[in-house]
Amino acid sequence: MVCSEFLAMRVELSLVCVALMCVFKQTSSCLMISEVNCDNPKLDTQEFVELYHEGTNPASLDGYTLVFYNGKVDSAYRVIDLSGQQTDQRGFFVVGSSELNPRPAISLPPNSVQNGPDAIALYGPNWAPVAEGGPVSGVGLVDVVVYTSRRSVDGADGLASVLTPGSVPYVEDEAALEGDESIQRCWQSGNLWTFYTGPPTPAWVNHCPPPTPAGVWINEVDLSGPDRRGNVELSVGMATGSYSLVLYDVTTDLISTSVEFIAKEPGIFAVPVNAAGLSVPQSAALALYKGPASDFPKDGPLSREQPIDAFVYGDSAHMPSDNLTETLIPGRKAFILIDSFLTAGLHASRCGVTEWTRDPGLFVTRPRSPGKPNDCVWFQSCPLNMTSLTESRRIQPPIHSNVDFLLNEINTDSPGGAEDEEFIELWHPSGFRMSLDFIWLVMINGQTGMVYYELELNGYYTDDDGYFLIGSSKVSPDIRIPSNTIQNGPDAIVLYRSKSPPSKEGPNIPRKGWLDAVVYRTRGSDKKVSELTEVLTPGQLPLLEDINALPADETLSRCGTERLNLNAFRVTSPTPRKQNNCPPKPTIPSPPEGLVINECGRMSGVNQSQKSLFMELTGPPSTPLNGLVLVFFGEDATELSVPIAGSTGKDGLFLVANDSRADQGLPALGHLGAVLLCFEPSGSGFCGNDSRHLDWLVFSDDPKLQRKLLQHNMTRFEKTLFRFVWELFECESSVLLLVSAVLYPVLITVCVFLRLVRILYLDVHQTGLFSGSHPSRLHACRTAARIPPSPAPPNCACTRKIIAGRADQKIAPRRILLFC
């Protein structure tokens, strides 16, 4: 995008996608990528890339170049020089399939635009030329869309790290609409834009319908005339009951007037407002609350309750106080009157294509449309140049999309009655500058289980080290909130990634899209806070920010990277925007070599009719197992960590099972996709970045599971995982079970005992498809004394039949399990 000044690049997520976008500034001229259709139903004969120029048209495109990048190899696969071309009279320029209607300015063969993971970049005259097959470049970048698809296993993280550092790729959902769909740029708020999925509109304005509220929000503000009277339109969704529209005087921050509105049905309703009592009519604040008007009497104080919606306005000479904006529209700016209020009044319509509230930036000056949908236009502002490097000039490495934000440090109770040093610190584990689009911070009351504060962070970025601070003004946060906003406990603070407000889910604790949660209490309060812990951190006790732990102030500080794990937090001294002041990690001695998974299967308990999972470890006799953790991956890549306590027996064995005979208990587990044995030197009980992986077994090639394994930085999974080799063994009496090949070639035997079956293994040194017989040494499995196998059936001949499967060529030797 081309404009006269620099602003930061930003990213947005939509309901079905993660969309790249940029920050804009209102200006007279700019060029941008406005729409992309990279995938059509059946034959790809309607693909296109649409540019839009805001300003005088037709506009010359001399010096501009479109480059198409392949995300699998991070190189250019098509370069189109736009010199000699120009936009049409309305500002559009289309490159696309020759069968497209209207006909594109530059025609391409069918299936020319790849489906993803890929990128389309627009470069200006100052670019460093990229040839077809050349590497990705951020020099001279004007605008770019980095995208992938739900059908693509690989992401476009490498492209994003160069073209849109700090942002995640867009995911085009080919199933979003019944017919064809395209990626379309839509205006949100102020200088914020995003891409949404909609029906294709080549060479025409994008399809950007405004959303409707789940509850109720301010839709239009009309205050004008010498009597300073007017109407405020409220848009009502499924909300019912009493609401109060409150008008605040900015000179005193006191209530000027309040009007009650009773919602009965969906629709658009006008509420009369009298602004004659304002000391300064050029500036005021409107706030919408739940409850009757009697709760908000004239000359009453500014309510500490977070409003459902708010609209704050002023002119260059009359601006609302910081206290008013921090309370009503935290992180957002007031609506600025361009014309004189005394002559033109105030008229603003909500036109932003987004579901968040408490943001005057969603409003623009448009013709009145009483009782009808607002008369909005597609284009509101212009994009600006982007940079491919962070402000610190550090080159950002590819960051996997599954790596996301954490709650890093929380100060809920600062010394003194002012409570003016409270803060919540977010952190991105990449340690780089990252976009906070569609991240929501939610505070939940532990007594009622209700959301009492909700904050959207769209348009913001962390600092260069991944930190972002929300808090009282004394700690110089990125977003200021009033002192004493964060309750002392028992309460919870939850981090979400969501397109819409998490509270939209209903009155109960929101469950969708959460990233991290901290449940905490004060001394003497309920230790369990049952409802919060059952939903957010099951099986864990709330944290205590002990005010007596340190002589001065203290915080709850993260000292481990495991999300939703309260054991990762410690009480330390405050370190906002710095590395947490964590105590030194305990030095647990590393386990000896040879400590591995020995046996995995299902066994019948003493008093159980159904079989339950067991896991047997083996190693040197009488070896302490401190720091060992077994991680079980189940259906939908669910994860369960089981810290191991105790020592191996004199025989070197250690049994983990849901059975009284076991050395350690194990919760009942269903389908098992993989299991990992790791050593965590900190003793946290979770496998983190500092853990050492000792052994693992994988029983599934489910893509969800593979993505989950990547979160553990288990890169070796990618190197050793191969498709299952299924073997069918027939005995004289019956056909027995199928079993998969063991994946990791440890030096000891892994045996699984099933009914009427004893398993043997072969050391195979041949790669490729398994077929026929192979030279090998046959070894009898060692029988675990605790779980003796059933005797083998008489006259049982072991017959191998290969059903399907291909082994990874990189793995040799391999072991194949045989029944006999």
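Just a few scattered comments:
- Environment charge at F68 (Cβ cut-off 12 Å; Lys +1, Arg +1, Asp -1, Glu -1): -2
- In terms of its C-alpha gyration tensor, region 601-701 has an oblate overall shape, because the principal axis ratio a/c (a ≥ b ≥ c, square roots of the eigenvalues) is not below 1.5 and a/b does not outweigh b/c.
- Order of T522, T240 under a 10 Å beta carbon neighbour criterion, fewest first: T240, T522
- Over region 216-377, equivalent-ellipsoid semi-axes from the Cα gyration tensor in Å: 20, 19, 15
- Region 406-572: translational diffusion in µm²/s, Stokes-Einstein, Kirkwood Rh over Cα pairs, 37 °C, 0.692 mPa s: 206
- Taking label positions 7 Å along the Cα-Cβ direction at both N111 and D463, the computed distance is 5.1 nm, reported to one decimal.
- Whether region 9-198 is rounded, prolate or oblate, judged on the alpha carbon gyration tensor where a/c under 1.5 counts as rounded: rounded
- One Cα centroid belongs to region 467-489, the other to region 629-664; the line between them spans 42 Å.
- Restriction of the trypsin sites (Lys or Arg not before Pro) in region 512-600 to DSSP coil positions whose beta-carbon has at most 11 other beta-carbons within 10 angstrom yields K512, R523, K578.
- Sparse packing (at most 16 other Cβ atoms within 10 Å of the Cβ) combined with a DSSP loop state is found for the following GluC sites (Glu not before Pro) in region 47-142: E99, E132.
- FRET E, pair M450, D62, Förster distance 45 Å, beta-carbon r, rounded to 0.05: 0.15
- Computed E for T212/A418 - FRET, C-beta separation, R0 56 angstrom, nearest 0.05: 0.85
- Cross-link pairs exceeding 29 Å between alpha carbons, from the set K333/K704; K611/K708; K290/K474; K512/K704; K298/K512: K333/K704; K290/K474; K298/K512.
Only the coordinates and a few stated rules stand behind these numbers; no lab work does. Keep in mind that what you see is a predicted model, and the values were worked out from it rather than measured. Backbone-built Cβ (ideal geometry, glycine too); neighbour counts: all protein chains shown.
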